[in-house]
1. Could you list, in sequence order, all residues of region 62-111 that are part of a helix (DSSP H, G or I) and of a type in the set (D, E, K, R)?
2. Would you confirm, using the coordinates I've provided, whether M66 is of a type in the set (A, V, I, L, M), surrounded by 15 or more Cβ atoms within 10 Å (Cβ to Cβ) and either closer than 21 Å to G14 by Cβ or in contact with a His (Cβ under 6 Å, 6 or more places away or on another chain) (or both)?
3. Can you tell me which residues in region 33-55 are part of a strand (DSSP E or B) and within 19 Å of A99 (Cα to Cα)?
4. Among the residues of region 104-123, how many are open to solvent by less than 70 Å² (accessible area, probe 1.4 Å) and modelled with pLDDT of 95 or more?
5. Any residue in region 86-105 that is over 17 Å from A28 (Cα atoms) sitting within a Cβ distance under 8 Å of a residue that is open to solvent by less than 40 Å² (accessible area, probe 1.4 Å) and in a helix (DSSP H, G or I)? List the pairs, counting only those 6 or more apart or interchain.
6. Identify all residues within region 112-127 that are in a loop (DSSP other than H, G, I, E, B) and free of Cβ contacts under 8 Å to residues at least 40 places away in the same chain; write none if there are none.
7. Given the criteria more than 12 Å from S67 (Cα to Cα), open to solvent by 40 Å² or more (accessible area, probe 1.4 Å) and either modelled with pLDDT of 95 or more or assigned to a strand (DSSP E or B) (or both), does D3 qualify?
Amino acid sequence: MADATGTPPNAVKGGIVAYLCVEGAIKAGEFYKKAFAAEDVHINPPDEKGRTMHVHLLINGNSVMMSDPYPEHGHPYVPAAGFSLMLPVKDVDAWWQRAVDAGCTASMKPENMFWGDRYAQCKDPFG
């Protein structure tokens, strides 16, 4: 079955899916392509204010979705606080470096951790 634009529904991948509200969801999607090798699945066209109600990406084979805030519909922007998203990958150093080179803020350089993983942290410009 297709939607009103004739686009077939897209499969959601992952056991739990992050759905983020960011200011500039289309820009964030473009950034995530550079920083995290994201792939477009579906992007709703922007409205007259440049906002989109839905961006669906695949990052490392899993769905990440986002939209712009719509305060007039009860969904204002709330800055990110108290959470992080983990991206388990085989080559932490390369993924971290690509993200930092794309514009993420380095929080923790890759290190071998006491629990056995190689681990790093960075923050993207969208929170």
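1. Step one: filter region 62-111 for residues part of a helix (DSSP H, G or I), giving 71-73, 92-102.
Once the filter is applied, which keeps residues that are part of a helix (DSSP H, G or I) and of a type in the set (D, E, K, R), region 62-111 yields E72, D93, R98, D101.
2. On the way: of a type in the set (A, V, I, L, M): yes; surrounded by 15 or more Cβ atoms within 10 Å (Cβ to Cβ): yes; either closer than 21 Å to G14 by Cβ or in contact with a His (Cβ under 6 Å, 6 or more places away or on another chain) (or both): yes.
It is true that M66 is of a type in the set (A, V, I, L, M), surrounded by 15 or more Cβ atoms within 10 Å (Cβ to Cβ) and either closer than 21 Å to G14 by Cβ or in contact with a His (Cβ under 6 Å, 6 or more places away or on another chain) (or both).
3. First, the residues of region 33-55 that are part of a strand (DSSP E or B): 39-43, 55.
Within region 33-55, E39, D40 meet the criteria.
4. At the first step, the residues of region 104-123 found to be open to solvent by less than 70 Å² (accessible area, probe 1.4 Å) are 104, 106, 108, 110, 113, 116, 119-120, 122.
Filter once more, so that each one left must be modelled with pLDDT of 95 or more: 104, 106, 108, 110, 113, 119-120, 122.
Number of matching residues: 8.
5. Matching pairs, first to second residue: W95/F36.
6. Of all residues in region 112-127, those in a loop (DSSP other than H, G, I, E, B) come to 113-117, 124-127.
Within region 112-127, M113, F114, W115, G116, D117 qualify.
7. Values: more than 12 Å from S67 (Cα to Cα): yes; open to solvent by 40 Å² or more (accessible area, probe 1.4 Å): yes; either modelled with pLDDT of 95 or more or assigned to a strand (DSSP E or B) (or both): no.
For D3, the condition - more than 12 Å from S67 (Cα to Cα), open to solvent by 40 Å² or more (accessible area, probe 1.4 Å) and either modelled with pLDDT of 95 or more or assigned to a strand (DSSP E or B) (or both) - is not met.
Yes/no per residue for (1) within 21 Å of P88 (Cα to Cα); (2) aromatic (F, W, Y); (3) within 13 Å of the chain's Cα centre (by Cα):
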position: K13; (1), (2), (3): yes, no, no
position: A18; (1), (2), (3): yes, no, yes
position: E23; (1), (2), (3): no, no, yes
position: I26; (1), (2), (3): no, no, yes
position: D40; (1), (2), (3): yes, no, yes
position: V55; (1), (2), (3): no, no, yes
position: G61; (1), (2), (3): yes, no, yes
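The values are calculated or read from the model by the stated rules, or taken from the named source; none is laboratory data. Here the structure is a predicted model, which is why all the values come from computation and not from measurement. Glycine also receives a Cβ, built like all others from the backbone with ideal geometry; neighbour counts cover every protein chain displayed. Keep in mind that these areas ignore ligands, DNA and RNA; they rest on the heavy atoms of the full protein, side chains included. Shrake-Rupley method; radii C 1.70, N 1.55, O 1.52, S 1.80 Å.
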